[in-house]
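The values are calculated or read from the model by the stated rules, or taken from the named source; none is laboratory data. Owing to the predicted nature of the structure, the values given are computational and were not obtained by experimental measurement. In this analysis, Cβ positions are derived from the backbone assuming ideal geometry, glycine residues included, and neighbour counts consider all displayed protein chains. Areas reflect the complete protein model, heavy atoms only, side chains present, ligands, DNA and RNA absent. Shrake-Rupley method; radii C 1.70, N 1.55, O 1.52, S 1.80 Å.
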Amino acid sequence: MVLSGSAVTASQICGHSTVKNSIWSLSPTWRQRSPVIRCCNRKVREEQKMGKNYYELLGVSVDSQPREIKEAYRKLQKKYHPDIAGQEGHEHTLMLNEAYKVLMREDLRRKYDTSIGQMRAFFSRNTSNLGFSSWEGPFRQHALFVDENACIGCRECVHHASNTFMMDEALGCARVKVQFGDDEQKLEVSVDSCPVNCIHWVDREELPVLEFLIQPQHKEGYGVFGGGWERPKNVFSAAESFNKQLKHQTANEYQQTKTAHVTVEEETPAQAEARVNARKKIEEEKFSRLWDWAKEAFMKDMWKAE
Amino acid sequence: MAEPAYIVASDNETTGEEKSSAAFPEIAIGIDIGTSQCSIAVWNGSQVELLKNTRNQKMMQSFVMFKDDTPSGGVSSHLSHEHEMLSGAAIFNMKRLIGRVDTDPVVHASKSLPFLVQTLDIGVRPFIAALVNNVWRSTTPEEVLAIFLVELRAMAEVQLRRPIRNVVLTIPVSFSRFQLTRIERACAMAGLQVLRLMPEPTAVALLYAQQQQQTEHENMGSGSEKIALIFNMGAGYCDVAVTATAGGVSQIKSLAGSAIGGEDLLQNMMRHLLPNAESLLSDHRINEIKSMALLRVATQEAIHKLSFQTSVQVDVDLGNGSKIRKVVGREEFEAVNQKVFDRCESLITQCLHDAKVEIEDVSDIIAVGGCSCIPKIKNLILKIFKREELYKGMNPSEAAACGAALEGAVASGVSDPFGNLDLLTIQATPLAVGIRADGNNFIPIIPRNTTMPARRDLIFTTVHDNQTQALIIVYEGEGNKVEENHLLGYFKITGIPPAPKGVPEISVCMDIDASNALRVFAGVLQPRSSHPAIPFMEVRMPTVDDGHGWCAEALHRAHGASLDLVTVQKKI
């Protein structure tokens, strides 16, 4: 029987602190996003609010001090702990404990911050590059989205609702500048006025992905989509498959950035060489795996769409 | 109120009244069963009250006397003299025996007690018997404890004028889950339902949290966090906890415990006074039992006196022609027991280390339990913390029972208009739980000092090509090898899809809820498919019964490595 370094491995897998390149499903980020026992009840999965942020869970701000986190944790425990709330509090308390553990330990918190920071940066970067639409007034359930593939650049929408739509002169197509920048009547008129019906009402949640995918430039440094593809022909089906992948891949992606992050912060020169070699290897292998997978899953969709 | 299936009511005359009282939450009583002494407390609506027995004692000796056909416990029966308990007819120290197998060193140490403890050293339950009319009559620690609990229950029911059903018991930190089931079993035999089993120092921590909260109310303080170390050493066990307290919430940061206590001090001292004590202790002839009893009482008195004076004269006639006449100094006593004191010290430092707390951060040091009045113990604690004084706001012998009563009230859902019950204990796991993998290694899944409720999982994989079955053997403890840990149970995952070794992903997940119930989930993961090929398994632990030491051996012999698992290596 073989058992090299096994005990160590076990503790590593168990702890969040270690880099886990094993499988996507094991990644801590994945677990953070859905703290579900994977080997057991699906019921839990449904109950859990996906992707609930630890800071939101504890009701503290991102820059809060350990003291505030402790106080918030105690307050919530008094509300949800099974001793007080009964057995129903079990699941929630588990999440609280996990959140508390991560946020109270400096190293874990830093990693966690990087992982969610990365998610924010990921979208905010696109925001600036894309003219990602901003919101006027409160968030609503639906948002406007222009399928730029179909847009013929007729400027009708810009005429009718000039605070909402804008023209991208370089690409010759319309784009949403400010969600609900005009009143609803004007919006209706402008949607109706489009000769090719390329203005769509979409779910707010879908909007960032759609707006991200519609951009034609290829972006560097974002592994999967870095390979120079153009704008997908059918942005909606692409968004669908993108969402699926995002779920799986964010885990790995964040992991990668985490590794990098740790390298910068904690590396001693003595470890550098070994680390660089190992990382190179990891990244090569991972990149090729991801790439193959993405190509397979994603391209298939695109061909289908065509 | 759902009737738990396992209740074996021995004297359940209260069933008729059950329904009428169900409308109100029944306040659970708190019981601190010590190795030598026991106390019982209850929340009376405004504060915690210790109950007294008919002889007006708050502290009752934990023993059960087998006389003729009716056993009687230390709650009701009265001893004319200390020697009576040592005649062989009384079973005591059951807390050191319950749930232990006959290979356990603690059981072996108990062989020198006046009643009969026999071991076969094969990992089964030890044989225990009391001397009734010159006949050794067998019994079990569970039975002894149950008899004692029945007396306690009857006493409480008379005083509180209501049936008692729910209890919160305090237990040593080092108790394994198997031992906890034995305690629950004894409670069930006595018609009691266990609401919580709380480690003794955590009960003290809850009492401390309440005291802190009250002072805060009085001073209108800001409610800043206070860290306290609780050291609890009684006759049988030594437990340490570090707790962080604020606003009535006691958060246990770490726990440490060991089966050392006053009993060890006593036995070491007896051996010191009578070097050939071993043969005298082990044969259990009638005359020898008497001699032993005399020696034991004399030694006990001497140790007690040494807490207040620096030397003591021991003068005892053992009746078999040998006399002991000796002056024992405090230094001598301390030297004889150096190992015990060293162990206490290491428990404290370990606990501080696990809690990641520096000695300057500790606001209060609380020492409770019978041994806390030994000068050496006090000194060693003060020395570790470089302090002058220990915390003074607690009665060392009553604190655990009071804390248990508070927990009983909180967990029963009682609320107090004055906020005196606005309390909470956030417990931590005293021992790691995990499974056997990578050969004979113990792989913890939920490590020690994890905040409860807790849930963790780990992925394992197969050792052989086309291995279709895997044996999940669950252990609890701190050792790296499974033999050093307590077996909790085992089950088999069958129908693993055939694959080369190392490919199947077997996820083992453990879940501990607030009442410390452990469930183990296990199943084969299928990447990229949401539906499992074979059903997952959910197993409540522990599943083993008596003789679990044998089980472990048998498992070993029958299955060896054929159904083994290994932890998943980092896949790159």
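Residue B:216 - would you say it is part of a helix (DSSP H, G or I), away from chain A (no Cβ under 14 Å) and out of contact with any strand residue (DSSP E or B) (no Cβ under 7 Å at 6 or more places or on another chain)?
no
For residue B:61, work out the one condition from (1) modelled with pLDDT of 85 or more; (2) out of contact with any Leu (no Cβ under 8 Å at 6 or more places or on another chain) it doesn't fulfil.
So the condition that residue B:61 fails would be (2).
Kindly establish whether residue B:465 is touching a His at 6+ places or on another chain (Cβ under 7 Å), modelled with pLDDT of 85 or more and surrounded by fewer than 23 Cβ atoms within 10 Å (Cβ to Cβ).
Here the answer is no, as residue B:465 does not meet what is asked.
Just to be sure before I move on: is residue A:68 in a helix (DSSP H, G or I) and either among the aromatic types (Phe, Trp, Tyr) or at the interface with chain B (Cβ under 10 Å from one of its Cβ atoms) (or both) in the structure I sent?
no
Just a yes or no: is a residue in segment B:467-475 facing another protein chain (nearest Cβ under 10 Å), in contact with a Phe, Trp or Tyr (Cβ under 8 Å, 6 or more places away or on another chain) and within 26 Å of residue B:175 (Cα to Cα)?
no
Condition (residue is part of a helix (DSSP H, G or I), at the interface with chain B (Cβ under 10 Å from one of its Cβ atoms) and either open to solvent by less than 10 Å² (accessible area, probe 1.4 Å) or of a type in the set (Phe, Trp, Tyr) (or both)) applied to segment A:94-112: is it met by at least one residue?
Yes, segment A:94-112 contains a residue that is part of a helix (DSSP H, G or I), at the interface with chain B (Cβ under 10 Å from one of its Cβ atoms) and either open to solvent by less than 10 Å² (accessible area, probe 1.4 Å) or of a type in the set (Phe, Trp, Tyr) (or both).
Scan segment A:76-90 for residues that are touching a residue at least 12 places away in the same chain (Cβ under 8 Å), facing another protein chain (nearest Cβ under 9 Å) and part of a helix (DSSP H, G or I) and jot them down.
Within segment A:76-90, A:77 is the sole residue that qualifies.
How many residues, within segment B:356-368, are within 29 Å of residue B:263 (Cβ to Cβ) and open to solvent by 10 Å² or more (accessible area, probe 1.4 Å)?
2
Any residue at all in segment B:206-218 that is touching a Cys at 6+ places or on another chain (Cβ under 6 Å) and on the phi < 0 side of the Ramachandran plot?
Yes, segment B:206-218 contains at least one residue that is touching a Cys at 6+ places or on another chain (Cβ under 6 Å) and on the phi < 0 side of the Ramachandran plot.
What pairs come up if the first residue lies in segment A:127-154 and is modelled with pLDDT under 80, the second is assigned to a strand (DSSP E or B) and among the aliphatic types (A, V, I, L, M), and their beta carbons are under 6 Å apart, counting only those six or more places apart or on different chains?
A:133/A:176; A:134/A:178; A:136/A:178
Take residue B:219 and decide whether it is surrounded by fewer than 24 Cβ atoms within 10 Å (Cβ to Cβ) and at pLDDT below 90.
yes
Quick check on segment B:488-536: of everything there that is part of a strand (DSSP E or B), more than 9 Å from every other protein chain (Cβ to nearest Cβ) and at pLDDT below 90, which residue is surrounded by the fewest Cβ atoms within 10 Å (Cβ to Cβ)?
Of everything passing the filter in segment B:488-536, B:492 is surrounded by the fewest Cβ atoms within 10 Å (Cβ to Cβ).
Going residue by residue through segment B:409-421, is there one that turns out to be open to solvent by less than 50 Å² (accessible area, probe 1.4 Å), of a type outside the set (D, E, K, R), away from chain A (no Cβ under 14 Å) and under 17 Å from residue B:250 (Cα atoms)?
Yes: segment B:409-421 contains one or more residues that are open to solvent by less than 50 Å² (accessible area, probe 1.4 Å), of a type outside the set (D, E, K, R), away from chain A (no Cβ under 14 Å) and under 17 Å from residue B:250 (Cα atoms).
Going by the structure shown, is residue B:62 hydroxyl-bearing (Ser, Thr, Tyr), closer than 23 Å to residue B:171 by Cβ and either in the same structural domain as residue B:166 (by TED's automatic domain parsing) or open to solvent by less than 10 Å² (accessible area, probe 1.4 Å) (or both)?
In short, yes.
Tell me, please, whether a residue that is farther than 30 Å from residue B:224 by Cα and touching a Leu at 6+ places or on another chain (Cβ under 6 Å) can be found in segment B:304-316.
yes
Out of everything in segment B:537-565 that is open to solvent by 60 Å² or more (accessible area, probe 1.4 Å), within 12 Å of chain A (Cβ to nearest Cβ) and modelled with pLDDT of 70 or more, what residue ends up being nearest to residue B:176 (Cα to Cα)?
B:538
Residues being open to solvent by 10 Å² or more (accessible area, probe 1.4 Å), out of contact with any Gly (no Cβ under 8 Å at 6 or more places or on another chain) and either within 27 Å of residue B:88 (Cα to Cα) or not polar (S, T, N, Q) (or both): count how many of those fall in segment B:146-164.
8
Taking the criterion of being under 17 Å from residue B:256 (Cβ atoms) and part of a helix (DSSP H, G or I), would at least one residue in segment B:360-370 satisfy it?
no
I'd like to check which strands (runs of 3 or more DSSP E) are fully inside segment B:40-108 and have at least 1 residues that are in contact (Cβ under 8 Å) with a residue 12 or more places away in the chain, touching a Phe, Trp or Tyr at 6+ places or on another chain (Cβ under 8 Å) and over 16 Å from residue B:401 (Cα atoms).
Per the criteria, B:63-67, B:70-73, B:90-92.
With respect to the numbered conditions (1) open to solvent by 10 Å² or more (accessible area, probe 1.4 Å); (2) not in a helix (DSSP H, G or I); (3) not β-branched (Val, Ile, Thr), which one is the sole condition not fulfilled by residue B:305?
(2)
Test residue B:56 against the criterion of being at pLDDT 70 or above and open to solvent by 80 Å² or more (accessible area, probe 1.4 Å), and give yes or no.
yes
Restricting attention to segment B:452-461, does a residue exist that is away from chain A (no Cβ under 13 Å) and either among the basic types (Lys, Arg) or under 21 Å from residue B:241 (Cβ atoms) (or both)?
No, that holds for no residue.
Are any residues in segment B:422-432 open to solvent by 10 Å² or more (accessible area, probe 1.4 Å), within 11 Å of chain A (Cβ to nearest Cβ) and touching an Asp or Glu at 6+ places or on another chain (Cβ under 8 Å), and if so, which ones?
Listed by number, the list holds a single entry, B:422.
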